[in-house]
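Written below as structure tokens is the structure these notes are about.
Values quoted throughout were computed directly from the atomic coordinates according to the rules given, and no laboratory measurement underlies them. Model, not experiment: these values are computed from the prediction. Glycine gets a Cβ as well: all are built from the backbone with ideal geometry, and neighbour counts include every protein chain shown.
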Amino acid sequence: MGAILAAKKVPPFGGDTLWCSGIAAFEALSEPFKKLLIGLEAEHDFVKSFPEHRHRGSEEEYQRWLVGKEKNPPLLHPVVRTHPVSDRLALFVNEGFTTRIVGLSDKESEAILNFLFVHITKPEFQVRWRWQENDIAIWDNRVTQHYANADYLPQRRIMHRATILGDKPRYFGKENEGA
């Protein structure tokens, strides 16, 4: 549902966090394209962001990865979800986890997802936070995506994060209102 991020130590430069709005990105699409997307489901897979080969440094690391994979099987979510409080529609695809759109050919799925991944991260849908020590950010993960810019290395950035569990992503259109 949401997340809280607190800056404990920040580098002298870099380390900003960017958030993008799935609502603003959806609302900027043409009406025919919105209609195409509504009702589609996409697969979200933990392994896309955490591939096996990156976790083979030690047997212990690999076993932790296996547990993570088992606890996070691929899930199907709507490409367009309804925010459960505001009822606004939002794109719900993420380059880090979304692998395919169900029911489309591989080429169709890839073309649409690549378009959406670029579209949702356009500057006009983003906000950028330049951290200072003790800053706290709270955001609604149901309709946003975030990206931590790793442009501060070899400096250190120490953040504390808490995740607020929430509802399952759903689409409530006119045809299934109240479902």
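Here the contact order of the chain, divided by its residue count and restricted to Cα pairs under 8 Å and six or more residues apart, works out to 49 percent.
Around the Cα centre of the chain, unit charges on the Cβ atoms of Lys, Arg, Asp and Glu (plus for the first two, minus for the last two) sum to a dipole of about 400 debye. Beyond 21 Å between alpha-carbons counts as too far, so tell me which of K9/K69; K122/K168; K8/K168; K48/K69 fall in that bin. The pairs that break the limit, which is 21 Å between Cα atoms, are K9/K69; K122/K168; K8/K168. Between 0 and 90 degrees, the angle of helix 59-71 with respect to the longest Cα principal axis of the chain falls at about 30 degrees.
Taking a straight line from the alpha carbon of K35, these lysines sit under 20 Å away, with near neighbours fewer than eight places off in the same chain left out: K107, K174. Cα axis of helix 106-120 to longest principal axis of the chain: angle in degrees, 0 to 90, nearest 10? The angle comes out at about 60 degrees. Amide H to amide H, with H built 1.01 Å from N, R100 comes under 5 Å of E43, counting only residues 5 or more places away or on other chains.
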